[in-house]
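Participant: The structure under discussion is supplied below as structure tokens; questions concerning it will follow.
The values are calculated or read from the model by the stated rules, or taken from the named source; none is laboratory data. The structure presented is a predicted model; accordingly, all values stated were derived computationally and were not measured. Cβ: placed from backbone, ideal geometry, glycine included. Neighbour counts: every protein chain shown. What goes into the accessible areas is simple: the full protein's heavy atoms, side chains included, and nothing from ligands, DNA or RNA. Shrake-Rupley method; radii C 1.70, N 1.55, O 1.52, S 1.80 Å.
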Amino acid sequence: MDLIAVMAVEFLYAVASLVLISAGLAVVFGMMRVINLAHGEFMILGGYVTITAVNLGVNVFIAMVIIAPLAVALIGVVVERLVIRHLYGRLVDTMLATWGLSLFFIGLVTVIFGNTTTGISTPIPGFAIGDYRINGYSFFIILVAVLLLAAMAVILRTTRFGLIARGTMARPDIAAALGHETERIYMATFAVGSALSGLAGAVLAPLVGLVPGSGAAYIAKAFITVIAGGPQLLAGLMSSATFFGVVNQLFTFTISPVIGEVALLVAAVILLRMLPRGITGRFFRERSS
Amino acid sequence: MIMNRRHFIAAAGAAATLFPIAGRASDTIRLGSVLDTSGIFDAYGKPMDMALGLAVNEINAAGGLNGKEVEVVSYDTQSDMALYSQYAQQLVRNDDVDVVHGGILSASREAIRQTLRKAGILYFYNVLYEGGVCDRNIFINGVTPAQQVEALVPFAMGRSGKKVHVLAADYNYGQITAKWIQKYVADNGGETVAVDFFPLEVSEFGSTIARIQSIDPDLVIAPLVGGAHLSFFRQWAAAGMNERIPLASTSLGVGNEHRVLTADEGNGIMVAYHYSQELDTPANNDFKARWAQAYGDTSAIHEIAVSNYQGVLTWAAAVRRAGSTNRDDVIAALEEGLSIEGPGGTVTIDPQTHHAKLDVHLMILENQGMTVIETLPQRPPVDTQAVCDLGANPDDNTQYEIRI
């Protein structure tokens, strides 16, 4: 019985970490249709901001939940103003530009922090479920993911900003005609997406050893989750994260971690073959025209 | 091709740079070095380069070798395997070096080994690696899996129990090492209850940690490699497992990874290497003092930096003994079973394999350092000895895959 409880936590944790990894990309790619290949680097920037802040004596939770998202959001705004805003609607060009950005950030982080592994330890001690020990920090990740999904749902569904943002993403011409400054809204949305990536990188940082190239490990999973989720931002994120998280953990636990990774990719291929538009319907929605 | 004057001059210039050393005076000894001092492996390469610089400066300050100054020709391979073969060609053709030290990954060693062998330039590979290289032109002074695992397994089992779970990196180093672990676990009367392999980019170990608990071994041995795998040690401690099941590793700490973990995360992990900064011997204390004088502080020193330092020292001792830098004379001097005292202990050349007999220290991580519990003097490289005999077969030129 204890093992089942432990496994349940691990399953929930796997789903939650996929939600976190993918949330920023879901906004930037799912809503704004910017193929952000620098998504992984936005995440590790969040991690490095956290580590720096903690080393400067800031409380680790404040560093993770407040400082890192804000800092990465700022970086996101700069990136949007300098690069991304020229490229809206040009899917392939955003890919190339953000790939360049990802190389730039890797170089920058290497120059500042050196090409070595850095990290902080987890702030929550482990505890026992029956005979098993479990990482207490897993619960924090699950909690953050749940709060994040709830906050996104509330903002997108019930606030005026959410409404305007969704409207702008769907039909920027109509939104502009109604008197909204679409430029500003794009910028704000990109900043929110960046903040989410930064948050993800920050809360995952205590679990891993960060090197400047760590972002690469996240980017594939993030894209698979977002694409398989389909056009419904929240429902898609939750459904595909759940599906892939469960598949990955099931095979990791019963066979081996290698098979777990393979199973995730095979599941993604099969899923997209059967549901080419993602779990929640049409995969590609034309933004304008 | 029509050749105008500009083309001609360009071509002549290129030709001139290709053969610039035709008239080099032989009043210096040239030592070639190829290391990744930038790029993703620079955490290994930079300290190795510093160690080589320190060794050569010390040799020169003491009057050089046989009255000649040692001059270093070094190339940064930028963690790019293609650059290794390019720079090896350059060292062979242009730079006219007497010896080459360098290479970090096994792939980089194999990229330059044949070039140097054909050119008849002696090659020192000073890195802990998977074993099995059998080539008269190369000398290797890093520990091989048998040297290390043979010592680590009984030590770790003695402090835990007989049921061992192995978690290894999924490439040749991890797979070969995992086999050696299984062999020595069986030899010591234990049982390997599970072996799991992890691709290098895996950084999620939650379900693995649950799986380990459901198998409930007495000991976990983890030849895990790289930044992503460092997460395992972190998550292991975060789950409180570090107080439950003893953990040993064959790779943690080679690049000073144990300084990235906090003291609580690392404490108690058992390792076995040739070097530890915490070795309290006159040779090591003296080495650290000289390093600090040259580079400010000693934090960069790690296992393979010391190996590189000792590689240069070994070569220098052989050149002194041979009285020349002629390759065959130097090899003959080394094959006499030449021995030096380095910061990590005694290094003795094993003539049969051109590997080294090394002191292996059994250690436990303690407050981000490696505390030496026991030193096993002069462990022979039994894995490579089982497949390689350069005395009987001097023309051998193979990297054997060691079957267990």
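Participant: Count the net charge of all other residues whose Cβ sits under 10 Å from the Cβ of A:Asn135, scoring Lys and Arg as +1 and Asp and Glu as -1.
Facilitator: Counting the neighbours of A:Asn135, the net charge comes to +1.
Participant: What's the lysine pair count for the protein assembly as shown at a Cα cut-off below 24 Å, pairs eight or more apart or interchain? All intermediate terms of the calculation are to be shown ahead of the outcome.
Facilitator: Numbers: B:Lys46/B:Lys288; B:Lys162/B:Lys179; B:Lys162/B:Lys183; B:Lys163/B:Lys179; B:Lys163/B:Lys183; B:Lys179/B:Lys357; B:Lys183/B:Lys357; B:Lys288/B:Lys357.
Close lysine pairs under the 24 Å cut-off: 8.
Participant: Then there's this: Interface size between chain B and chain A, please: total buried accessible area, 1.4 Å probe, rounded to the nearest 100 Å².
Facilitator: On the way: alone 16300 and 13580 Å², together 27320 Å².
In total, chains B and A hide about 2600 Å² from solvent.
Participant: Note down the relative contact order for region B:233-295 as a percent, whole number, built from C-alpha pairs under 8 angstrom at least six residues apart.
Facilitator: Details: 31 pairs, mean separation 20.7, N = 63.
Reported relative contact order: 33 percent.
Participant: Report, to the nearest 10°, how far helix A:91-113 tilts away from the longest principal axis of the Cα atoms in chain A, using its own Cα long axis and a range of 0 to 90°.
Facilitator: It is inclined by approximately 50 degrees.
Participant: Here's another thing I want to ask about it. Springs between alpha-carbon atoms under 10 Å, Gaussian network over chain B: tell me which of B:Arg379, B:Arg159, B:Arg327 tops the mean-square fluctuations.
Facilitator: Result: B:Arg159 has the largest fluctuation of those listed.
Participant: Contour minus end-to-end for B:Asn367 and B:Glu243, with contour as 0.36 nm per residue of separation and end-to-end as the Cα-Cα distance?
Facilitator: 43.1 nm is the gain from fully extending B:Asn367 to B:Glu243.
Participant: Please get the size of the charge dipole for region A:2-215, origin at its Cα centre, with Cβ charges of +1 on Lys and Arg and -1 on Asp and Glu, quoted in debye to the nearest 20.
Facilitator: With Lys and Arg at +1 and Asp and Glu at -1, about 500 debye.
Participant: So how far, in whole Å, is the C-alpha centre of region A:146-186 from the one of region B:363-389?
Facilitator: 62 Å
Participant: Over region B:146-273, with every protein chain in place, what whole percent of the accessible area is carbon and sulfur at 1.4 Å, could you tell me?
Facilitator: 45 percent
Participant: Between the helical axis of B:81-93 and the dominant principal axis of chain B, each derived from Cα atoms, what acute angle in degrees is found, rounded to the nearest 10?
Facilitator: For B:81-93 against chain B, the angle is about 30 degrees.
Participant: Keeping the other protein chains in place, figure out the carbon and sulfur percent of the accessible area of region A:2-43, with a 1.4 Å probe.
Facilitator: 81 percent
Participant: With a cut-off of 13 Å, note down the residues of region B:194-222 whose backbone N falls inside the zone around a label point 7 Å from the Cα of A:Val262 toward its beta carbon.
Facilitator: The answer is B:197-199, whose backbone nitrogens lie closer than 13 Å to the label point.
Participant: Dipole of region B:146-273, Cα-centred, from +1 at each Lys and Arg C-beta and -1 at each Asp and Glu C-beta, to the nearest 20 debye?
Facilitator: That gives region B:146-273 a dipole magnitude of about 180 debye.
Participant: Run lengths n ≥ 4 of DSSP H only: what is the helix-derived mean residue ellipticity at 222 nm for chain A, with -39500 (n - 2.57) per run over all residues, to the nearest 500? Display every interim value, and only then the final one.
Facilitator: Working: 11 runs with 195 residues, N = 289.
Calculated mean residue ellipticity at 222 nm is -23000 deg cm²/dmol.
Participant: Suppose every K and R has +1 on its Cβ and every D and E has -1 on its Cβ; what is the size of the dipole of chain B about the Cα centre, in Debye to the nearest 20?
Facilitator: About 780 debye.
Participant: Considering the dipole of the protein assembly as shown built from charges on the beta carbon (Lys and Arg +1, Asp and Glu -1) around the Cα centre, which of A:Tyr13, B:Leu390, B:Tyr295 is farthest to its positive end?
Facilitator: Of the listed residues, the answer is A:Tyr13.
Participant: Would you grab the residues whose amide H sits under 5 Å from the one on B:Ser74? Only those 5+ places off in sequence or on another chain, please, with H modelled 1.01 Å from N.
Facilitator: Counting only residues 5 or more places away or on other chains, the set is B:Ser33.
Participant: For region B:146-273, what's the relative contact order in percent, using C-alpha pairs closer than 8 Å and at least 6 residues apart?
Facilitator: Here the relative contact order equals 29 percent.
Participant: What net charge is computed for the residues neighbouring B:Val360, neighbours being all others with C-beta under 13 Å from the C-beta of B:Val360, Lys and Arg scored +1, Asp and Glu -1?
Facilitator: Working: positive: B:Lys357, B:Arg379; negative: B:Glu150, B:Glu303, B:Asp359, B:Glu374.
Charge balance near B:Val360 sits at -2.
Participant: I want to verify a result. In a Gaussian network model of chain B, Cα cutoff 10 Å, which of these has the top mean-square fluctuation: B:Ala305, B:Ala392, B:Ala111?
Facilitator: Among B:Ala305, B:Ala392, B:Ala111, the largest mean-square fluctuation in the Gaussian network model of chain B belongs to B:Ala392.
Participant: Looking at B:Asn126, A:Val65, B:Ala332, which one has the Cα that reaches farthest to the positive end of the dipole of the protein assembly as shown (charges on Cβ: Lys, Arg +1; Asp, Glu -1)?
Facilitator: The residue sitting most towards the positive pole is A:Val65.
Participant: By how many degrees, between 0 and 90 and to the nearest 10, does the Cα long axis of helix A:233-254 differ from the longest principal axis of chain A?
Facilitator: Computed tilt is about 30 degrees.
Participant: Okay, moving on. Keeping all protein chains in place, calculate the accessible area per residue for region A:2-215 (probe 1.4 angstrom), answer in Å².
Facilitator: For region A:2-215, the per-residue accessible area is 40 Å².
Participant: Same structure, new question: State, as an integer percentage, the relative contact order of chain B based on alpha-carbon contacts under 8 Å between residues 6 or more apart.
Facilitator: Worked out over chain B, it gives 18 percent.
Participant: Something else about it: Gap in Å between the Cα centre of region B:136-195 and the Cα centre of region B:206-279?
Facilitator: Spelled out, the Cα-based centre of one part sits 15 Å from the other.
Participant: Running a GNM on chain A with Cα contacts under 10 Å, which residue among A:Ala97, A:Ala191, A:Ala202 ends up with the highest mean-square fluctuation?
Facilitator: A:Ala97
Participant: Between A:Arg85 and B:Ala107, what is the FRET efficiency for a Förster distance of 35 Å, r being their Cβ-Cβ separation, to the nearest 0.05?
Facilitator: According to the calculation, E is roughly 0.25.
Participant: Given H placed 1.01 Å from N in the peptide plane, which residues other than close sequence neighbours of B:Thr37 have an amide H under 5 Å from its amide H?
Facilitator: For B:Thr37, whose amide H was placed from the backbone, the distant partners under 5 Å are B:Thr77, B:Gln78, B:Ser79.
Participant: Any idea which of B:Val164, A:Ala195, B:Leu52 is furthest toward the positive side of the dipole for the protein assembly as shown, if Lys and Arg beta-carbons carry +1 and Asp and Glu beta-carbons -1?
Facilitator: A:Ala195
Participant: Could you state the accessible area per residue of region B:258-306 in Å², with a 1.4 Å probe and every protein chain left in place?
Facilitator: Here the residues of region B:258-306 average 37 Å² of exposed surface.
Participant: Of all accessible surface on region A:92-243 at a 1.4 Å probe, what whole percent is carbon and sulfur?
Facilitator: It is 72 percent, rounded to a whole number.
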